[in-house]
Amino acid sequence: MAPWILAIDLGNGGPKVAAVSLEGQVLASAFSPVSVTIETDGTATQDAGEWLTALRSAVREVTAQCSRADLHCVAITGQWGSSVPVAADGSPAGDVLLWADTRAAKHMPELIGGPLSVMGYAPHKVLPFVRITGGGPNVQGADPTGHSQLLQRELRDVGERTVAVLEPVDYLSFRLTGRALATPASMSLSWLTDNRPGAELGYVDKLVGLAGRRREWLPELVPTGTIAGPLLGPVADELGLLPGVPVTTGLPDLHAAVVGSGAVGPYDTHLAVSTTAWLTCRVPFKKTDILHSIATLPGLDSQYPLVGNNIETAGAALAWLREQIISPDDGLVGGGTGIGASGAAPPGAVPSYDQILELAASAPVGCEGLIFMPWLAGERSPVEDHDLRAGWLNLSLRTDRAALVRSVLEGVALNLRWLLTHYEKFLNRPVATIRALGGGIRSDLWCQIIASTLDRPIEQVADPLNAQLRGVAMWARVCLGELTLAQTRNLVPVQQVFEPEPGDRVIYEEHYREFRKLYGSLKGFYHRLNGG
């Protein structure tokens, strides 16, 4: 067997693992799910111990199909903006605090608010963060700044056992190599590094103090693209691998998606549609749009930051519909992964996504005026408002399940159109074409809906579900000096291009005009019901 790369993607649902050839082909893959705890008080946690158990299972499934002797290196990507409290022996000191955990919201006014605030930010408190980093702590406490407050206050017992707080990708790298390292990319949502062009690598002491972070909990900072070290012997034995192969520092999934999309040139835009969704590209400037939650973040190198933004609910809306709403009246048995309410059936239960997407294709374009607002988890971009909620408008007795499913696909596309408007203003230039990846992009129907709604050609990359695994594997070769970033573009084939359909565009343009008014019309209602 030829040399291969072990690529690990630690997503919200659990680790996905693949053996990837040096040319970027996924040779074998496995996924092992993990549970998520969501409570009404804002709790959103996972168990890092469960991560490791799941990782062992997934890695062994993949390596059973590959030669251990041919393993070239290990590459790590995954979720970010979450916090793993680490004890002195390297084990988790407590639960992983996820990017969606908002329990620290009550502490944020003390750090970044004040009597004169805009969207929860006091200008004199947030401007130092924006000037140096490009962004700032989340007003809902849903980031490492808020997590640190929890560990120092409500979760003091966990904080007392903690010697370091690591991002998930950095925690995996630490467990594999024994080195607790972070990079400007992995620490992006901590807003503690100087992200201005030409700035020296390091944490900014002033920002550490303003964020209320404990300096001793911060990992050693190294350049993005550093090799963390060789795979440790005991860990290699657990995973069924040979020790000594190089392991990369952790890379956020946003960055891995850039490489996995092939859109690696300046201003080359890609769209990811997975649990959440985003639009991004590499840009030669640092900039912040506070009003629409768009900012540049540390990129793959110091010359080109990435544009950061996030739609909170994309593929998760389809998963929620499948798992919690669809009934068995037509012979399809309900069930799913439990992304919303508890007690749902396993992922393998029917109806499958292919079945409900086939059902959606039978509904007319525009679903006879039915509009879905996909704000199941509030929204982050192009407006940060965690009180928003989802809903359908214009339901009628003619509305059937096919229309419900298609309207969810169209609602996410309309939300992306809203984001694209402000994204192009941020770039100060139009976007001609968009590369697309992620689990949602496997659907030709959804790709066509997005193309017609955004009025842009959508280039569907080959094997879009595994694009981030392919991307981080190719990034590992860049880190090892075997490829340049520009050369990785040639390793990402496009399997299909979806052009906007003229007739569909007219319908979606009309729907977008109405959709765009909904936030202004309904935000007061949502704030009154959910703002307490």
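The values are calculated or read from the model by the stated rules, or taken from the named source; none is laboratory data. What you see is a predicted model; the values in this text were computed from it and never measured. Cβ atoms come from the backbone with ideal geometry, glycine included; neighbour counts cover every protein chain shown.
Applying the selection to the stretch 492-510, what residues are touching a residue at least 12 places away in the same chain (Cβ under 8 Å) and of a type outside the set (D, E, K, R)? The answer is Val492, Pro493, Val494, Gln495, Gln496, Val497, Phe498, Pro500, Gly503, Ile507, Tyr508.
Within the stretch 511-532, the set of residues being within 13 Å of Leu414 (Cα to Cα) and in contact (Cβ under 8 Å) with a residue 12 or more places away in the chain comprises His511, Tyr512, Glu514, Phe515, Arg516, Leu518, Tyr519. Among the residues of the stretch 341-354, is any within 18 Å of Gln448 (Cβ to Cβ), at pLDDT 90 or above and surrounded by fewer than 16 Cβ atoms within 10 Å (Cβ to Cβ)? For the stretch 341-354, residues within 18 Å of Gln448 (Cβ to Cβ), at pLDDT 90 or above and surrounded by fewer than 16 Cβ atoms within 10 Å (Cβ to Cβ): present. The residue list Gly42, Gly114, Gly49, Gly120 contains one member that is surrounded by fewer than 22 Cβ atoms within 10 Å (Cβ to Cβ), touching a strand residue (DSSP E or B) at 6+ places or on another chain (Cβ under 7 Å) and among the small types (Gly, Ala, Ser), which is Gly49.
Name the single residue, out of those in the stretch 433-462 being out of contact with any helix residue (DSSP H, G or I) (no Cβ under 7 Å at 6 or more places or on another chain) and of a type in the set (Asp, Glu), that is farthest from Leu491 (Cα to Cα). Ranking the candidates gives Asp444 first. Residues in the stretch 273-320 that are modelled with pLDDT under 90 and hydrophobic (A, V, I, L, M, F, W, C): Ile290, Leu291, Ala319, Trp320. Where strands (runs of 3 or more DSSP E) sit wholly within the stretch 38-131, those with at least 3 residues that are under 22 Å from Tyr203 (Cβ atoms) occupy 84-87. For the stretch 158-209, filtering for residues that are of a type in the set (D, E, K, R), farther than 19 Å from Thr224 by Cβ and touching a residue at least 12 places away in the same chain (Cβ under 8 Å) leaves 3. Scanning the stretch 69-80 for residues that are over 22 Å from Pro246 (Cβ atoms), of a type in the set (Val, Ile, Thr), out of contact with any His (no Cβ under 7 Å at 6 or more places or on another chain) and in contact (Cβ under 8 Å) with a residue 24 or more places away in the chain turns up nothing. Once the stretch 152-183 is narrowed to residues that are more than 23 Å from the chain's Cα centre (by Cα) and assigned to a helix (DSSP H, G or I), the residue that is farthest from Val84 (Cα to Cα) is Thr177. Of note, Leu239 satisfies the criterion of being modelled with pLDDT under 95, surrounded by 17 or more Cβ atoms within 10 Å (Cβ to Cβ), under 19 Å from Ala473 (Cβ atoms) and over 22 Å from the mean Cα position of the chain (by Cα). The set of residues in the stretch 388-428 that are surrounded by fewer than 17 Cβ atoms within 10 Å (Cβ to Cβ) and among the acidic types (Asp, Glu) comprises Asp400, Glu424. May I ask you to list the residues in the stretch 368-399 that are touching an Asp or Glu at 6+ places or on another chain (Cβ under 7 Å) and not in a strand (DSSP E or B)? Passing the criteria: Ala377, Arg380, Leu388, Arg398. For the stretch 429-443, indicate whether the set of residues that are among the hydroxyl-bearing types (Ser, Thr, Tyr), out of contact with any strand residue (DSSP E or B) (no Cβ under 8 Å at 6 or more places or on another chain) and without any contact (Cβ under 8 Å) to a residue 40 or more places away in the chain is non-empty. Checked the stretch 429-443: no residue is among the hydroxyl-bearing types (Ser, Thr, Tyr), out of contact with any strand residue (DSSP E or B) (no Cβ under 8 Å at 6 or more places or on another chain) and without any contact (Cβ under 8 Å) to a residue 40 or more places away in the chain.
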